[in-house]
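The values are calculated or read from the model by the stated rules, or taken from the named source; none is laboratory data. Quick caveat: nothing in here was measured; it's all calculated off a predicted structure. Every residue, glycine as well, gets a Cβ built from its backbone with ideal geometry; the counts of neighbours run over all protein chains shown. All accessible areas refer to the heavy atoms of the entire protein, side chains included, with ligands and DNA or RNA removed. Shrake-Rupley method; radii C 1.70, N 1.55, O 1.52, S 1.80 Å.
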Amino acid sequence: MFHILAADRVFILTGAGISAESGIPTFRGAGGLWRNYRSEEVASPHAWRRDPHLVWEFYSMRRRAAAEAKPNPGHLALAALEHTLHDRLFLCTQNVDNLHENAGSRRVVHMHGELFKSRCEDCDRPPFDDPNTYDPPAALPKCDCGGQIRPHVCWFGEVPYHVDEIFRALNECTIYIAIGTSGVVEPAASFVAHAHGPDRPGQGRAQTFYIGPEEPANSAAFTKCLLGKAGQLLPNLFLCD
Ligand code: OAD
């Protein structure tokens with residue numbers, strides 16, 4: 001059990017593993033979501049330029065899969081933790097699904113974007129809610145400005161969103177917890193080293209924990225790894241002052 005004291009600030013990073021028990025396949029697990037697609041063919045600026053129909057087919061499939069999924073006890077436990085800690089919890093996810101929000105979390109930072117949002121690739125219209133699917137041979141969605149509408153997700157080679165806000169929170173946290181992420185994709189894989197490292201202005205090192213069924217690639221950087229499924233471990237894990 002984690003005892004969270006009144007002075008603690010908690011940073012939680014979630015990855016695909018938190019949604020695994022909701023039936024959304026992970027990226028690097030066996031089988032699942034990516035099985036018919038090579039990621040560089042569907043999730044990169046190059047792929048978009050070459051075949052936007054294929055990219056929209058892939059994200060339409062993911063929208064359908066995520067729309068059917070329900071939050072699991074892991075998501076619910078993190079929503080309850082936010083209810084207790086308020087702004088002392090910073091919840092950052094690499095996931096583009098909306099299961100944290102559906103569980104009741106209100107302050108979720110989506111560093112890789114949001115599956116149910118789209119944006120224009122040309123004009124500065126802000127990202128907007130878009131639950132639609134655009135499977136071929138349907139026409140590609142267009143903005144009023146004439147530009148193409150693309151998924152509001154971070155592709156390989158693009159810069160993740162909210163990075164300044166994330167590093168501010170990493171500088172301030174006293175407890176860092178990563179859940180269900182394989183620890184290979186940057187910059188998220190280095191967050192633990194930042195939280196635990198000597199570079200933080202005016203702060204000691206945060207305690208760092210990992211939760212998931214197997215050790216992540218960056219396991220050496222964690223104070224402790226708790227091996228198990230998020231939906232089983234999280235509901236009884238937190239004791240807050
Ligand atoms: P991965 O698919 O790389 O890793 C998922 C992790 O979840 C693995 O380490 C599993 O052991 C773990 N896991 C599986 N079931 C679990 C469960 N029930 N509870 C807890 N953990 C479980 O996913 P990410 O690390 O999130 O980026 O992948 C990072 C990024 O790679 C994604 O956001 C995506 C992809 O490229 C973009 O799309 C930009």
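Any residue that is more than 15 Å from the ligand (Cβ to nearest atom), in contact with a Gly (Cβ under 6 Å, 6 or more places away or on another chain) and under 14 Å from Arg150 (Cβ atoms) - is there at least one of those in the range 93-104? Let's see the steps before the verdict.
Just the residues of the range 93-104 that are more than 15 Å from the ligand (Cβ to nearest atom), to begin with: 101-102, 104.
Okay, now just the ones that are also in contact with a Gly (Cβ under 6 Å, 6 or more places away or on another chain), so none.
Checked against the condition, which is being more than 15 Å from the ligand (Cβ to nearest atom), in contact with a Gly (Cβ under 6 Å, 6 or more places away or on another chain) and under 14 Å from Arg150 (Cβ atoms), the range 93-104 yields no hits at all.
Let's see how each residue does on (1) open to solvent by 60 Å² or more (accessible area, probe 1.4 Å); (2) within 21 Å of Gly157 (Cα to Cα); (3) not hydroxyl-bearing (Ser, Thr, Tyr):
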site: His3; (1), (2), (3): yes, no, yes
site: Ser44; (1), (2), (3): no, yes, no
site: Leu54; (1), (2), (3): no, yes, yes
site: Met61; (1), (2), (3): no, no, yes
site: Asn72; (1), (2), (3): no, no, yes
site: Leu76; (1), (2), (3): yes, no, yes
site: Leu81; (1), (2), (3): no, no, yes
Q) What tally of residues in the range 184-201 results from selecting those that are away from the ligand (no atom under 13 Å from the Cβ) and either hydrophobic (A, V, I, L, M, F, W, C) or touching a helix residue (DSSP H, G or I) at 6+ places or on another chain (Cβ under 8 Å) (or both)? A) 6
Q | Residue ID - most open to solvent (accessible area, probe 1.4 Å), chosen from residues in the range 12-31 that are within 10 Å of the ligand (Cβ to nearest atom) and modelled with pLDDT under 85 | A | Arg28
Q: Restrict the check to the range 206-216 and report whether at least one residue is in the same structural domain as Val10 (by TED's automatic domain parsing), assigned to a loop (DSSP other than H, G, I, E, B), at pLDDT 95 or above and of a type in the set (S, T, N, Q).
A: no
Q. Just a yes or no: is a residue in the range 207-230 within 17 Å of Gly17 (Cβ to Cβ), near the ligand (Cβ under 8 Å from one of its atoms), in contact with an Asp or Glu (Cβ under 9 Å, 6 or more places away or on another chain) and not basic (Lys, Arg)?
A. yes
Q) Here are some conditions: (1) surrounded by fewer than 16 Cβ atoms within 10 Å (Cβ to Cβ); (2) part of a loop (DSSP other than H, G, I, E, B). Pro160 meets all but one. Which one does it not meet? A) (1)
(Q) Checking the structure you have, find out if any residue of the range 58-67 is touching a residue at least 24 places away in the same chain (Cβ under 8 Å), more than 15 Å from Asp97 (Cα to Cα) and part of a helix (DSSP H, G or I). (A) no
Q: Check whether at least one residue in the range 172-189 is open to solvent by 80 Å² or more (accessible area, probe 1.4 Å) and over 16 Å from the mean Cα position of the chain (by Cα), and report yes or no.
A: yes
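Please determine whether any residue of the range 142-156 is within 22 Å of Asp8 (Cα to Cα) and either open to solvent by 50 Å² or more (accessible area, probe 1.4 Å) or aliphatic (A, V, I, L, M) (or both). Give the steps one after another, and end with the answer.
Keep residues of the range 142-156 that are within 22 Å of Asp8 (Cα to Cα), which gives none.
Checked against the condition, which is being within 22 Å of Asp8 (Cα to Cα) and either open to solvent by 50 Å² or more (accessible area, probe 1.4 Å) or aliphatic (A, V, I, L, M) (or both), the range 142-156 yields no hits at all.
Of the residues that make up the range 32-43, is at least one among the hydrophobic types (A, V, I, L, M, F, W, C), at pLDDT 95 or above and either within 11 Å of the ligand (Cβ to nearest atom) or part of a helix (DSSP H, G or I) (or both)? I'd like the intermediate steps shown before the answer.
Taking the range 32-43 first, the residues among the hydrophobic types (A, V, I, L, M, F, W, C) are 33-34, 42-43.
Subset that is at pLDDT 95 or above: none.
Checked against the condition, which is being among the hydrophobic types (A, V, I, L, M, F, W, C), at pLDDT 95 or above and either within 11 Å of the ligand (Cβ to nearest atom) or part of a helix (DSSP H, G or I) (or both), the range 32-43 yields no hits at all.
For the range 127-141, how many residues meet the condition of being farther than 21 Å from Ala67 by Cβ and open to solvent by less than 90 Å² (accessible area, probe 1.4 Å)? Give the derivation first.
Taking the range 127-141 as the starting set, the residues that turn out to be farther than 21 Å from Ala67 by Cβ are 137, 139.
Retained after the next criterion (residues that are open to solvent by less than 90 Å² (accessible area, probe 1.4 Å)): 139.
Number satisfying all stated conditions: 1.
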